[in-house]
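S.K.: Mind looking over this structure? Questions follow.
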Amino acid sequence: MAWRIQLCFISLFFLASIFHHLCRHLFILDDVFLEDVGIRLPLPRLTTFKTQSSNLAIQELSGDQVAGNLTTQSILFHDWEVFLVRPAAPQTAAATPYSCIFQGGATSPATPVGVLASGGRPTFKCIMPNSVRRLRPFLTPTLAGSPEKDTSLATMLRWNFYVYESFSTETDVVVFAKGINKHHGVNLPAASLRCVFANGVKTDVTISSQEVFRCPHPARRIPSMTRVSLEIGYESDKTRAVPSLAIYDPKPRTLAPLQGKALLCACTVVYDVAKFVREWVTYHASIGVEKFVFYDNGSDDDFYKVVGQLVELGHDVATFYWPWPKTQEAGFSHCAMSFRDSCTWMLFTDVDEFVFSPRWQNSSRPSKHMLQSLLPESRAMIGQMTMKCYDFGPSNRRSHPIEGVTQGYNCRLHDHQRHKSIVLLDGVDRSLENAVHHFKMKDGYKVRKLTLHEGVVNHYKYQVWAEFKNKFKRRVSAYVYDWRNSLNPASKDRTPGLGNEPIEPQGWASRFCEVNDTGLRDLGRSWFRLEGSTQEGGRFAWQDE
């Protein structure tokens with residue numbers, strides 16, 4: 001009997017050894033699930049694909065180090081959206097529409113969506129066909145329609161562990177990475193991380209905060225168009241490289257304006273806001289914002305057409321392509337660093353948030369001095385002004401108000417919720433840490449909280465259901481990938497009582513309505529309604545003809 005038990009153990013050990021050997025060359029199963037793309041199956045940790053783990057983070061380039069030697073990379077976003085990064089722009093226009101060709105021959109249309117500032121690489125997106133979704137591992141699709149030959153068979157990586165952007169200053173390199181610091185307020189020590197450049201060159205990370213990592217420039221020259229990544233050192237003999245598509249450029253990106261530094265700018269991360277942005281810019285430009293900075297999260301609507309119209313009207317508008325999902329905090333960090341030479345103070349809000357002061361109620365016209373008068377003198381050492389927010393509800397509307405959100409929504413919750421800030425960019429801490437609503441400041445700088453009479457933010461958060469659903473599908477927060485799954489159900493970014501289903505709750509149109517507040521609506525009618533309009537109720541300065 002004993003020999004039979006011993007033989008059984010030997011057989012099990014032998015089979016386990018074979019299975020382990022085979023799996024080493026395939027993939028390692030992770031303990032996470034594909035909740036964010038619609039199924040609940042164990043997901044292969046594709047970043048540990050044995051045959052490619054040595055070069056996923058930094059791919060050594062050959063020859064003259066030209067951009068064409070970079071490979072096509074792909075990332076799996078939510079809702080089975082595949083984000084494709086090409087090594088260089090096509091030399092000639094595509095003769096036929098682009099499409100993604102997946103393993104097994106399945107195809108789906110590919111849409112050009114923007115060019116990354118890092119390396120000038122064009123990006124595309126396509127939807128993974130149903131027939132491919134249960135294959136393992138996922139491979140980077142071929143881009144059909146491009147004149148350049150594309151033979152990439154690299155592993156498609158998942159948007160949970162990735163270096164996606166880099167930015168050089170005079171003194172260091174700022175690297176943006178997803179999935180290293182996974183929880184709010186809990187950061188991996190900088191001492192356990194290194195920046196990794198071409199040819200194995202490494203420098204120590206000095207700052208590790210949220211998705212921001214800073215390290216010194218390499219002492220030796222690094223070839224152009226090579227990637228920068230991060231290396232996590234758990235032990236002296238055990239490290240893990242983070243896959244990367246970020247390009248290292250030793251030259252600082254100078255964004256200083258030709259006509260001098262603006263006193264007050266506004267920065268926001270946007271997605272499909274074409275119908276809202278004219279009202280937001282028109283209003284805030286009239287009360288003192290001199291420059292607007294939009295970090296575009298991959299808009300599919302007429303956003304850039306509207307931006308062009310605003311520029312023609314004389315507004316100072318800058319756009320930055322920022323396609324990374326759930327990275328609003330990182331986008332604000334990037335903006336605070338990138339525009340320090342362009343702007344003294346920066347208002348950080350969303351395009352459904354409007355700064356308003358009850359003091360302006362009796363003003364017959366707006367003035368650029370209105371917002372700027374709230375700013376302190378420089379010798380006061382105040383680095384941040386915070387304003388409390390009032391959240392407005394659907395106000396019994398069932399369709400988007402064509403006259404504008406400030407005119408269409410006038411019922412809100414009684415108590416203020418959270419706050420938004422105007423920030424002195426020179427006072428922002430080197431960590432660039434922020435909670436969207438405010439920044440961490442350098443030692444010595446103080447925060448001034450405005451009273452409700454001095455200034456508030458009208459947040460038109462709970463709009464008609466169609467608008468609300470689109471907004472919260474994309475954002476929620478950096479630590480809640482998709483509001484439709486059950487991750488982090490206590491997040492304050494979730495809607496009270498909504499749950500996880502994208503289904504309109506009963507009575508949505510009348511929710512969040514405790515106080516009838518028409519202050520900004522009435523002011524807008526006084527300031528922006530055009531005379532001689534035949535439209536019922538009048539037409540406003542931000543509306544199309």
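Bear in mind that the values in this text are calculations on the coordinates, not laboratory data. Keep in mind that what you see is a predicted model, and the values were worked out from it rather than measured. In this analysis, Cβ positions are derived from the backbone assuming ideal geometry, glycine residues included, and neighbour counts consider all displayed protein chains.
S.K.: Between Thr171 and Ile232, what is the spin-label point distance in nm, taking each point 7 Å from the Cα along the Cα→C-beta axis?
M.R.: Using points 7 Å along Cα→Cβ, the separation is 2.8 nm.
S.K.: Whole Å is fine, so just give me how far the alpha carbon centre of the stretch 124-145 lies from that of the stretch 294-308.
M.R.: Each part's Cα centre sits 26 Å from the other's.
S.K.: Let me ask something additional. Quick one: what are the phi-derived ³J(HN,Hα) couplings along the stretch 434-439, Karplus 6.51/-1.76/1.60 with θ = phi - 60°, whole Hz, x for glycine and proline?
M.R.: In residue order, the calculated couplings are 8, 10, 6, 7, 7, 10 Hz.
S.K.: Take Glu504, project a point 7 Å from its Cα along the Cβ direction, then tell me which residues of the stretch 384-411 have their backbone nitrogen under 17 Å from it.
M.R.: 393-402, 409
S.K.: Quick one: which residues, 5+ away or cross-chain, put their amide H under 5 Å from the amide H of Gly114? H built at 1.01 Å from N.
M.R.: Thr123
S.K.: Across the stretch 374-448, what fraction of all alpha-carbon pairs, as a whole percent, falls in each successive 5 Å bin from zero upward?
M.R.: 3, 14, 19, 14, 13, 11, 10, 9, 5, 1
S.K.: Skipping prolines and chain starts, which residues have an amide H placed within reach, meaning under 5 Å, of the one on Ile207, given they are 5 or more residues away or on another chain?
M.R.: Arg214
S.K.: For a 30 Å ceiling on Cα separation, which of these pairs sit above it: Lys326/Lys388; Lys178/Lys440; Lys291/Lys442; Lys305/Lys446; Lys202/Lys261; Lys125/Lys305? Before the final figure, lay out each step's value.
M.R.: Values: Lys326/Lys388 24 Å; Lys178/Lys440 20 Å; Lys291/Lys442 24 Å; Lys305/Lys446 40 Å; Lys202/Lys261 36 Å; Lys125/Lys305 20 Å.
Too far apart for the 30 Å limit: Lys305/Lys446; Lys202/Lys261.
S.K.: Could you compute the net charge surrounding Lys178? Neighbours are other residues with a C-beta less than 12 Å from the C-beta of Lys178; K and R count +1, D and E count -1. Don't jump to the answer; show the numbers that get you there.
M.R.: Numbers: positive: Arg158, Lys182, Lys326; negative: Glu165, Glu211, Glu329.
Within the 12 Å Cβ shell, the charges total 0.
S.K.: At a Förster radius of 41 Å, what calculated FRET efficiency corresponds to the Cβ-Cβ distance of Asp522 and Asn130, to the nearest 0.05? Don't skip to the answer; put the middle values down first.
M.R.: Working: r = 52 Å, r/R0 = 1.27.
Here the calculated transfer efficiency is 0.20.
S.K.: Using the beta-carbon distance between Ala88 and Lys305 and R0 = 41 Å, what value does 1/(1 + (r/R0)^6) give for FRET efficiency, to the nearest 0.05? Mind showing how you got there, number by number?
M.R.: Details: r = 27 Å, r/R0 = 0.65.
FRET efficiency, Ala88 to Lys305: 0.95.
S.K.: Is the stretch 176-292 rounded, prolate or oblate when judged by the Cα gyration tensor, a ≥ b ≥ c being the square roots of its eigenvalues, rounded requiring a/c under 1.5 and prolate requiring a/b larger than b/c? All intermediate terms of the calculation are to be shown ahead of the outcome.
M.R.: Numbers: a/c = 2.76, a/b = 1.90, b/c = 1.45.
Verdict is prolate for the stretch 176-292.
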